[in-house]
Amino acid sequence: MAEPLRVGIAGLGTVGASVIRLLDRQAAALAASTGRAIKVTAVSARDRSRDRGVDVSAFKWFDDPVALATSPDIDLFVELIGGDEGPARAAVEAALGAGKSVVTANKALLAKHGMSLAQRAEDKRVALAFEASVAGGIPIVKTLREGLAGNSIQRVYGILNGTCNYILSRMELEGLSFEECLKDAQRLGYAEADPTFDIGGFDTAHKLAILTALAFGTQVDAEAIHVEGIQSITLADLKSAEELGYRIKLLGVAQRTDKGIEQRVHPTMVPKSSSLAEVMGVTNAVTIDADAVKELTLVGPGAGGMATASAVVADISDIAKGIRSAPFGLPTSALEKAPRIPVQRHEGGYYIRLSVHDRPGAAAAIATRMAERQISLQSIMQRHASARGARAPSDATPVPVVLITYATSEAVVREALDAVVADGYLAGPPQVIRIERE
Ligand code: HSE
């Protein structure tokens, strides 16, 4: 049997402790399949005395993760610190610089510095592996990079943030407020340290940036992504979606179009019959449209210690076997720049919820503004604010009007809505949610 692979782990939170547990539990199977023992030899974390539920006394302790990253006691550095700068970046750069392979779960780091880190790994001929950075336990990186090598990918899209899906699912199913659901997500440990990363769509964008590079052979570029969060979604939207045969999900979408690779993160209406609509709670799911396999959806746990550790251990196992894939599937010099496509150029169907002063002519004016711009309406739904047979409601009680459009361009929809606002029939700003077709 070959020399053992000596592993150093920086960051001993839930994921780090779970990696130690899994490597121990699977030690014999991993040694048999890789042909060498995998041994944790050293660790680094902030608090040495904290009880993590695993015995770390046999490992060499480093207060400084950079010192661990360059230590002669390890062959492979596992970064589970988090954050796109600071000790995580310094330690990963130091490990690669010292010619050690790196495994990381750090999507923020990769979204920001993925290209320079991949270049360093390439220069030193070591591995930079990050299966755990996207969709937790779902092996989506390997699926895109190796499993679908025989395909041309048209679109990759999915639910990449468990916190948002948990919030939207509970709001829809239990009628709870956004704030109440977010508090529970934080209590259960799904949310990022700063939950605006989750609810603002940035965590999804970090993950999408990685998936786009893998799917389309482009440079990782989170700046090219249009990002909207779920803060504006109300119970009224979730209820209307339900009545119209849709669910609302925060999706990350990367799609090949005739304008280039469109990358966007936003709340999205998905048909209830779609695979993604059925994914509730903290679960993640990614759908890939590709020419040979047609449609493929992977569903699984997107967060949590053991699920994320499963992906980390898979990367460690590959490195133990001597597998060293180009981090983003191609040599960094071959990855193309994908320019940002303004969301105004997006084409698709739209859900539009208007709060309308229920006066004669209001509905006609709205329909006219749409028709003037060739926007074709698939459905119009107006709720009565008053009881049947009662007088028409006054300005004090605006009524919701929900429109669903056929495919059109975003710029045209926004123009039409500006005109509707200027007509003075609306009691508040329009709510617009893009529809993602299967
Ligand atoms: N905060 C993330 C989520 C954790 O809710 O999905 C996994 O990246």
Using 0.36 nm per residue, how much length does the chain from Asp51 to Ala193 gain when fully extended, once their Cα-Cα distance is taken away? 49.1 nm
Helix 235-244 against the longest principal axis of the chain: what's the angle in degrees, Cα atoms only, rounded to the nearest 10? 80
In terms of modelled amide H atoms, which long-range or inter-chain residues lie less than 5 Å from the amide H of Val78? Gly8, Ile9, Ala10, Val103
Give the residues of segment 348-374 whose amide nitrogen is closer than 13 Å to a point set 7 Å from the Cα of Ala427 in the direction of its Cβ. 354-359
Could you grab the relative contact order for segment 168-284? Cα pairs under 8 Å, six or more apart, rounded to a whole percent. 25
For the chain, give the share of DSSP beta bridges that are antiparallel, in percent and rounded to the nearest 5; count only bridges with both residues there. 65
As a check on your grasp of the helix formula, calculate [θ] at 222 nm for the chain: sum -39500 (n - 2.57) over DSSP H runs of n ≥ 4, divide by the residue count, round to the nearest 500. -10500 deg cm²/dmol
Tally Lys/Arg at +1 and Asp/Glu at -1 over every other residue whose Cβ is under 10 Å from the Cβ of Ala91; what's the total? -2
Take the Cβ-Cβ distance between Asp64 and Ser379 as r, set R0 to 60 Å, and report the resulting FRET efficiency rounded to the nearest 0.05. 0.50
Can you say what percent of the DSSP beta bridges in segment 146-301, counting only those with both residues inside, are antiparallel? Round to 5. 95
Extension gain from Arg340 to Ala98, taking 0.36 nm per residue of separation minus the Cα-Cα distance: 83.6 nm
Computed over the chain, the convex hull of the Cα set has an average projected area, in nm², of 22.8
Taking the alpha-carbon centre of each part, the distance from segment 350-370 to segment 76-112 in Å is 52
Search the structure for amide H atoms under 5 Å from the amide H of Leu5, placed 1.01 Å from N in the peptide plane, and list their residues when 5 or more places away or on another chain. Ala37, Ile38, Lys39
What is segment 36-110's relative contact order, in percent, from Cα pairs under 8 angstrom and six or more apart in sequence? 28
With the 8 Å Cα cutoff and a minimum separation of six or more residues, the chain has a relative contact order in percent of 16
Ranked from highest to lowest mean number of other Cβ atoms within 10 Å per residue, what is the order of the peptides 86-97, 172-183? 86-97, 172-183
Below 20 Å, Cα to Cα, which lysines can Lys207 reach? Residues fewer than 8 away in the same chain don't count. Lys107, Lys112, Lys142, Lys249, Lys337
How long is the gain from Ala407 to Ala90 if the chain were fully straight, where each residue apart is worth 0.36 nm and the alpha carbon distance is subtracted? 109.5 nm
How far is helix 86-97 tilted off the main Cα axis of the chain, in degrees rounded to 10, range 0 to 90? 50
Where a ≥ b ≥ c are root eigenvalues of the Cα gyration tensor, a/c under 1.5 meaning rounded, otherwise prolate if a/b exceeds b/c and oblate otherwise, segment 344-435 counts as prolate
Shape call for segment 8-100, from the Cα gyration tensor axes a ≥ b ≥ c (a/c under 1.5 means rounded, otherwise prolate when a/b beats b/c, else oblate), comes out oblate
Taking only Cα atoms, what is the 0 to 90° angle, nearest 10, from helix 202-216's long axis to the longest principal axis of the chain? 70
Listed by chain and number, the residues whose amide H is under 5 Å from that of Tyr246, excluding neighbours fewer than 5 places away on the same chain and using placed H, are Lys272
Using mean Cβ contacts within 10 Å as the protection proxy, how do 121-130, 409-418, 156-165 order, highest first? 156-165, 121-130, 409-418
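Every number in this text was worked out from the coordinates using simple rules, so none of it is lab data. All figures in this text were calculated on a predicted structure; none of them were measured in a lab. Reconstructed Cβ throughout: ideal geometry from the backbone, glycine too, with neighbour counts over all protein chains shown.
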